[in-house]
Amino acid sequence: MFEKSYITDCEGPLTLNDNAFELAAKVIDDGDELFKVLSLYDDYLADVVKKENYKAGNTLKLILPFFACENLTNRDMVEFSRNNIYSVRDSKFLLSYLKKAMNIYIVSTSYGQYIEAVSNYMDVDFKNTFYTDVDVDVLNLNDDEIEKIGQFKKLILENPDDYELFDDIFFNQITEMGIYEKIKDIEVVGGEGKKLAIDKIIERDGIDINNMLYIGDSITDVEPLQFARKNNGISISFNGNEYPLKVAEIAIVSPSAVTTAVIANIYAKYDKNKVLKFIEDYNASDDLKVLFDQYEIDLEIREKFFEVFASKEYPIIEIVTDENYEDVLKSSKHMRNNIRGQDIGGLG
């Protein structure tokens, strides 16, 4: 075990995917639009209503009856996931470095079928991943229920802002179906679920609560980012939307994970104060190559960074303040949409 731990979300910091959205678009007619509407509803329940015992990321549960209508199987999910992994540039490079410097964990809201595929692709120990565990093979509907779910889909798409209608569908009508018994106990690893996953890591592996870096990009990362920051760790929004940027201490806006490797390198060698001082110096420097020498950035990371950013359009690395929040958010959303696409970038 290393002294410090690197805990990362998957979709955003490591991959460009939103696997559940892409799966919905593939197997459900108008599934992309359905997923986007349900994602906004999910954000509403988590962030506005603050529904009791509701976790951000529950879109992955809300969509399940619609998957069941299409007879989606675990095998389908595994095959689709393996064949549709799109990684953030240099994320494999980042993880290769981290294996020599820090304990690595992936804590993701995504379905386990996708995270297993990613862990194999990225060569990360699957036992150090946490995810939403779903067995779609047991999700069955009778003919009448299939017809009803089809009607619900039509109503949702025709009335995308009618959240009272959605409340009735998901918390009154679907709860009366047999499939609900299989869905209700699924633990979505999002928001508080991610923080609980970190609690499990601390208990299982005995990692130092004051020596962790957490990086995320969406509403499901708010609680773990707050937890890391509260315990004097590093909290990073990577091409994040407004949710992580409101709570993270550091913002990275970059098309490449090598930027994250620079921060991880400094943190692994030194401490949080050194990271914050580097960011201050980074934004004041007129010669980053000299600065990287001063901070003894590993040669491999240094060479990769200046290869990726040879045009000198260097990435944004900022300590988030009230004064720079709006500017950073604008740049972060632009990068998010640019590298992940408008559909995925716009999801909470």
Give the separation of the Cα centroids, the stretch 139-187 to the stretch 194-233, in Å.
33 Å
In the set [x] 79, 42, 41; [y] 65, 52, 34; [z] 69, 39, 35, which value of Cα extents along the principal axes in Å was calculated from the structure you see?
[z]
Which order do the peptides 104-113, 321-330, 119-128 take when ranked by the mean count of other beta-carbon atoms within 10 Å per residue, highest first?
104-113, 119-128, 321-330
Hey, what did the stretch 53-151 get for relative contact order, percent, Cα under 8 Å, at least 6 apart?
38 percent
Any idea what diffusion coefficient the stretch 192-300 gets from Stokes-Einstein, in µm²/s, Kirkwood Rh on alpha carbon pairs, 25 °C, 0.890 mPa s?
168 µm²/s
In the structure shown, do any of Lys274/Lys330; Lys26/Lys51; Lys61/Lys153 have a Cα-Cα gap over 24 Å, and if so which?
Lys274/Lys330; Lys26/Lys51
By average Cβ neighbour count within 10 Å, what is the ranking of 68-74, 199-205, 214-220 from highest down?
214-220, 68-74, 199-205
Provide the packing ranking of 158-164, 9-15, 292-298, 254-260, i.e. peptides ordered by the mean count of other C-beta atoms within 10 Å per residue, highest first.
9-15, 254-260, 292-298, 158-164
Tell me the mean residue ellipticity at 222 nm calculated for the chain from its helices only (DSSP H runs of n ≥ 4, each -39500 (n - 2.57), averaged over every residue, nearest 500).
-14500 deg cm²/dmol
Could you name the lysines in cross-link range of Lys272, using Cα to Cα under 25 Å and dropping any fewer than eight places away on the same chain?
Lys4, Lys92, Lys99, Lys100, Lys194, Lys195, Lys200, Lys230, Lys246, Lys289, Lys304
Compute the Cα gyration tensor for the stretch 48-139, then decide on rounded, prolate or oblate, letting a ≥ b ≥ c be the square roots of its eigenvalues: rounded whenever a/c is under 1.5, prolate when a/b is larger than b/c in the other cases, and oblate in all that remain.
oblate
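Computed from the coordinates by the stated procedures, all read-outs in this text should not be read as laboratory data. Predicted model, so just to flag it, every value in this text is computed and none were measured. FYI the Cβ positions are ideal-geometry reconstructions off the backbone, even for glycines, and counts take in every protein chain you see.
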